[in-house]
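All remarks here apply to the structure that follows.
Only the coordinates and a few stated rules stand behind these numbers; no lab work does. Owing to the predicted nature of the structure, the values given are computational and were not obtained by experimental measurement. Reconstructed Cβ throughout: ideal geometry from the backbone, glycine too, with neighbour counts over all protein chains shown.
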Amino acid sequence: MKSIAEFRGSNIDIRQWCKTNVEARRMVTARLGRIEDKFFRLIPKALAFKPIDDIKDFVYSYVLDEKEVNIDVLRENVRTYQDMERTLDNVKKRMKKLKKIQELYQRVQERIEKDRMYEYFLKRSELELVEGQLSSLETAKKNEEIRLSQAKAQLEMLQKERSEKQEIATNIRVELRHNQEFVALEEEKKELKRLRDKRQEALNEETELKKSVAQAARDCESLLQTMGAGNTSRYSAAVSTEMSQSANAENETGVDFASCIREYRKKLQTLDGDINVTEIKSLTDDVIHFKQMRYGELQEEQAQLKIRLNQNQTEWEKLSKKINKLKRKKLTYPSGVELLVESVQEEFAGIGREIQPGVLCEMLEIKDEEWRNAVEGYLNTQRFYVLVEPENFDIALGIYDRLRREKKVYGVGLINTKDLEKYDTAPAGTLAEVVTSQNQYARQYSNMLLGKVQMCERYEDLKKYSVSITKGCMRYQNCVASAIKPEVFRVPFIGKNAFTVQLAQAEEEFQKLSETMENQEKKLSDTKEILGLLSTESDVDIKYRLDVIATLRMLNKSIDKCEENIRKLKENSTLIQKQLQLDELEKMLRGLDYTISSDTEKIGGMRARIQDLVARKQTLLEKQITGKSEVTALAADAGERLNSWNREYKEALGVRSIEQFQSEYFYKLPSNKRKYNSERCQIAKDNMINAMVEYKTEHDFGAAASLEGFPEFEAVYERLKNSELLDYEEKVQSAHKAAETEFHEQFLAKLQENMKLAQGEFKELNKALKGIDFSSERYEFQFMPSKKYRNYYEMIMDDFNVTQGESLFSGIFHEAHKDVIEELFEQLSVSGDNSAQALDEFTDYRTYMDYDIKIIHNDGTYSYYSKVCEEKSGGETQTPFYVTVAASFVQLYSNNIGGEAAGLVLFDEAFNNMDDERIGGVLEFLRRLPLQLIIAAPPDKIQYIGPAMDEVMLVMTDQKQSYVEEYHNAV
């Protein structure tokens with residue numbers, strides 16, 4: 001035997017029949033009976049035996065061919081149907097939303113209509129109320145006119161009586177005027193009246209004087225109590241400094257403020273006796289002067305005290321915030337440091353990078369507390385430098401520069417931590433040696449700063465080094481020695497204990513400041529009280545009212561003298577009799593005058609009331625005209641609804657008064673019927689507008705979301721309802737029908753046909769296997785509905801052809817297979833690679849069945865190949881293989897289109913590991929089939945295979961050449 005290359009080399013004259021594999025395949029299939037290309041897939045599988053592991057895959061490969069079901073038209077119809085259905089659903093959704101808008105609009109209109117009715121109720125009730133008021137006014141006017149007429153008659157009678165009595169009194173007065181004693185008496189009476197009036201004025205002024213004296217006395221008493229003895233009182237505490245200076249000035253002039261106040265109080269207490277007004281006025285002037293001077297001094301002290309208190313309040317608030325931060329383990333830094341740290345953190349977060357800028361002092365620890373003050377003092381503001389990683393420095397620097405341009409941050413250090421590796425170790429004897437850090441950059445930077453500062457125990461050693469420092473914070477640098485201010489290192493910032501120390505310091509300072517502020521507030525309160533005592537209002541009033549005391553004394557003397565003169569003049573009996581008669585007449589005249597005046601006033605009131613009633617009536621008449629006009633206009637607008645409005649009005653009014661009706665419907669708080677209706681109207685309007693806005697947003701509609709824009713929404717609803725809805729329903733029905741027809745004819749029918757043919761092939765295969773024993777076993781191929789797709793199988797194999805005249809999507813068939821149909825339609829309408837793979841599975845008729853081989857034993861028992869394949873030996877698994885492969889070739893050749901096919905089957909190394917009984921059974925089965933067998937097998941199988949074959953050829957080799965010879969059985 002030669003290789004293909006050797007064969008071609010030794011036979012160069014052989015004509016090449018085919019130039020391509022496709023052409024060769026076509027020639028071979030034509031020569032073998034114009035069979036399908038499946039031949040080229042089956043031949044290699046028959047030659048290369050492979051145990052059956054998955055029966056379904058084996059059936060797919062060897063028994064059942066893939067048969068295409070073209071569903072392109074069906075998919076298009078389904079998509080069209082679903083698109084139309086979605087469009088119809090969208091139209092229905094739009095109509096539903098528009099219907100809701102329409103319903104809300106109707107609610108709004110109903111509420112508006114009800115409000116118009118309430119407006120009619122209001123105007124009508126107001127008109128009826130005005131008409132009722134007009135009637136009441138007319139009655140009141142008539143009654144008032146009757147009373148006026150009666151009052152006028154009564155007044156005329158009184159005036160006549162007065163005229164008569166006045167005439168008698170005049171005659172007596174004329175007679176008395178010719179009497180000198182009477183004239184003198186009259187003059188004395190006039191003088192007495194004048195003096196008494198003047199005394200009353202003086203008494204009133206004396207009353208005010210006594211009030212001021214009482215207030216001034218109380219103020220003096222309080223002042224003397226506050227001044228007390230020594231300098232321990234509130235007064236001396238409040239004015240100690242300023243008062244001492246003023247007191248020195250007073251002592252120089254020989255005047256003492258306390259003595260002055262005591263004398264003033266004493267004089268005020270004896271004011272009712274015989275006093276020297278000039279002396280008291282002088283003393284009052286001194287008191288006013290002293291008080292004004294003290295008042296100015298205390299006001300200045302009060303102002304200074306308020307300033308100090310405000311300053312302390314600001315410091316108190318700062319300390320309070322600082323303590324709160326320290327309790328949260330946060331130190332308080334200069335504002336620029338905190339702003340830079342926050343800005344860097346925010347900017348980096350904005351670009352998606354989470355970093356935490358650090359402050360140098362928080363990253364350091366001091367190992368030797370004795371050198372803490374030296375480290376804190378030397379670093380000073382360098383403790384607050386901000387530190388970021390080297391890769392973040394440039395961005396942080398840009399942020400710092402922006403803050404500088406915005407004039408927000410100055411003087412804050414931003415550490416560039418790049419290239420600090422050389423400072424990884426702290427030099428011995430330097431401040432860096434007592435400082436450590438878990439952050440390598442902070443440690444390296446502190447080594448750079450403090451590694452040049454030599455620690456000295458004695459100040460005498462400072463000059464030995466260029467830069468040095470002692471524990472007491474004496475620093476030597478640039479040939480200059482200087483002491484660091486304690487304020488620099490008093491508050492520690494370095495290390496984890498800095499929080500604790502700062503918190504203790506802050507709380508102590510906070511306590512002291514609180515006590516100071518409490519004392520200042522008390523001093524401020526005392527000062528305010530003393531300022532009230534130093535008021536000179538009462539003293540000034542006393543000064544200008546003191547003269548009334550002398551005036552009263554003089555007036556009392558004059559009145560006594562005048563009364564004595566009148567008493568002497570009245571001793572004449574004739575004069576007395578005439579005078580008594582005149583006094584009686586004058587008394588009667590005064591009574592008549594009072595009555596006439598009162599009646600005249602009453603008549604004036606009556607006339608005013610009548611005029612008021614007339615004016616009110618005129619106003620009500622105007623209201624009546626306006627009300628009638630408004631009610632008429634509302635009634636005209638109501639049209640046919642007026643009768644129902646009037647009925648409702650009468651029912652609503654009932655037995656209630658108009659005022660009660662108006663209160664309940666229009667004025668009662670917090671709610672009334674019209675207000676309730678208005679609120680419901682506004683709610684409905686808001687809901688309508690919200691629904692309109694939602695519709696506009698979802699459907700890109702341009703109408704205004706308002707009552708005025710409703711007609712456009714209504715027009716769309718009517719168009720959808722009367723035109724587009726019907727059109728789309730018709731299109732959906734048409735698309736539905738087309739999809740149903742295609743689904744029925746091109747999908748279900750084809751799948752059912754293919755599945756029935758497949759079942760027929762299995763039956764034919766089982767028919768050929770019937771009666772053949774394979775080593776005491778017989779085989780029967782099983783097919784059954786797929787466990788996974790059983791519902792689909794039942795739908796496909798359902799006798800749906802009987803349902804002619806009925807839709808697959810309604811009736812019994814649809815009810816039975818509704819879920820399966822919907823899932824299939826969903827799969828048919830989906831696009832994409834995954835959906836294509838799923839469609840291939842759903843359109844393959846083989847998908848809907850499961851397969852197995854039933855092994856029937858001689859004792860009548862049976863088992864299934866799928867259950868025992870892993871336990872069987874090689875021979876037991878080969879038998880189904882040969883049976884199935886042979887069946888596949890029979891199927892292939894029976895489907896030829898060129899007459900009788902060759903029926904050629906090739907097996908290589910056939911029947912390995914099979915016993916003679918199984919080999920015989922397989923050969924008997926194969927001989928029953930319309931096949932030509934070419935079997936290649938090892939020599940030890942010749943005794944089993946040879947008798948069943950028409951011709952046996954032996955292939956031999958001597959390692960150089962191969963030989964083929966015919967074999968004949970000698971028996």
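Once the other residues with Cβ under 13 Å from the Cβ of LEU513 are scored (Lys, Arg +1; Asp, Glu -1), what is the net sum?
-4
Give the residue from MET795, ILE772, ASN754 lying farthest towards the positive end of the charge dipole for the range 736-803; charges sit on Cβ (+1 for Lys and Arg, -1 for Asp and Glu) and the dipole is referred to the Cα centre.
My answer, from the dipole projection, is ILE772.
Give the peptides 145-152, 315-322, 384-391 in descending order of average Cβ contacts within 10 Å, highest first.
Final packing ranking: 384-391, 315-322, 145-152.
Have a look at ASN416, GLY358, THR381 and report the one farthest towards the positive end of the charge dipole of the range 332-492, computed about the Cα centre with Cβ charges (Lys/Arg +1, Asp/Glu -1).
THR381
Amide H neighbours of ALA937 under 5 Å, counting only residues 5+ apart in sequence or on other chains, H built in-plane at 1.01 Å?
Amide H to amide H, under 5 Å and 5 or more residues apart or across chains, ALA937 pairs with GLU909, ALA910.
Debye calculation, C-alpha points only, no solvent: report log10 I(q)/I(0) for the range 671-752 at q = 0.23 Å⁻¹, in the same order as the q values.
With no solvent term, the Cα-only Debye profile gives -1.04.
Using bins 10 angstrom wide from zero, how does P(r) for the chain break down, in % of all Cα pairs?
Spelled out per bin, shortest first, that is 2, 6, 7, 6, 5, 6, 8, 10, 10, 9, 8, 6, 4, 4, 3, 2, 2, 1, 1, 0, 0.
Assuming R0 = 30 Å, can you tell me the calculated FRET efficiency for the pair ASP37 and GLN827, based on Cβ-Cβ distance, to the nearest 0.05?
0.55
Report, by chain and number, residues whose modeled amide H sits under 5 Å from the one on LEU904, excluding near sequence neighbours (fewer than 5 apart, same chain).
GLN932
Among 632-638, 438-444, how do they line up by average Cβ neighbours within 10 Å per residue, starting with the highest?
Averaged packing, sorted descending, gives the order 438-444, 632-638.
Per residue, how big is the convex hull around the C-alpha atoms of the range 453-511? Give it to me in cubic angstrom, could you?
Dividing the Cα hull volume of the range 453-511 by its residue count gives 94 Å³.
Taking only DSSP H segments of four or more residues, each worth -39500 (n - 2.57), what value at 222 nm results for the chain once the sum is divided by all its residues, to the nearest 500 deg cm²/dmol?
Using -39500 (n - 2.57) per qualifying helix, the result is -22500 deg cm²/dmol.
Listed highest first by mean packing, meaning other Cβ atoms within 10 Å per residue, what order do 551-559, 428-436 come in?
Highest to lowest by the protection proxy: 428-436, 551-559.
Using the count of nearby Cβ atoms within 10 Å as a rough guide to exposure, how do TRP645, TRP17 rank from fewest to most?
In order of increasing Cβ crowding within 10 Å: TRP17, TRP645.
Report, to the nearest 10°, how far helix 811-829 tilts away from the longest principal axis of the Cα atoms in the chain, using its own Cα long axis and a range of 0 to 90°.
In the chain, helix 811-829 runs at an angle near 90 degrees to the longest axis.
As I understand it, the value is the acute angle between the Cα axis of helix 21-31 and the longest principal axis of the Cα atoms of the chain; what does it come to in degrees, rounded to 10?
Tilt of helix 21-31: around 50 degrees.
Rounded to the nearest 20 debye, what is the charge dipole size of the chain about its Cα centre when +1 sits on each Lys and Arg Cβ and -1 on each Asp and Glu Cβ?
The calculation lands at about 4160 debye.
Work out the FRET efficiency for LEU904 and SER734 from their Cβ-Cβ distance, taking R0 = 45 Å, and round it to the nearest 0.05.
Taking R0 as 45 Å, the efficiency between LEU904 and SER734 is 0.25.
Once the mean 1/r over all distinct Cα pairs of the range 596-663 is inverted, what Kirkwood radius in angstroms do you read off?
For the range 596-663, the Kirkwood estimate is 15.6 Å.
Would you work out the relative contact order for the chain, in percent, from Cα pairs under 8 angstrom that are 6 or more residues apart?
24
Across the range 332-492, how large is the tail of the calculated P(r) beyond 22 Å, expressed as a percent of all Cα pairs?
In whole percent, the share of Cα-Cα pairs in the range 332-492 beyond 22 Å is 46.
Rounding to the nearest 10 and keeping the result within 0 to 90°, find how far the Cα-based axis of helix 673-699 lies from the longest principal axis of the chain.
40
How large is the translational diffusion coefficient of the range 440-574 in µm² per second when you combine the Kirkwood radius over alpha carbon pairs with Stokes-Einstein at 4 °C and 1.567 mPa s?
The diffusion coefficient I find is 53 µm²/s.
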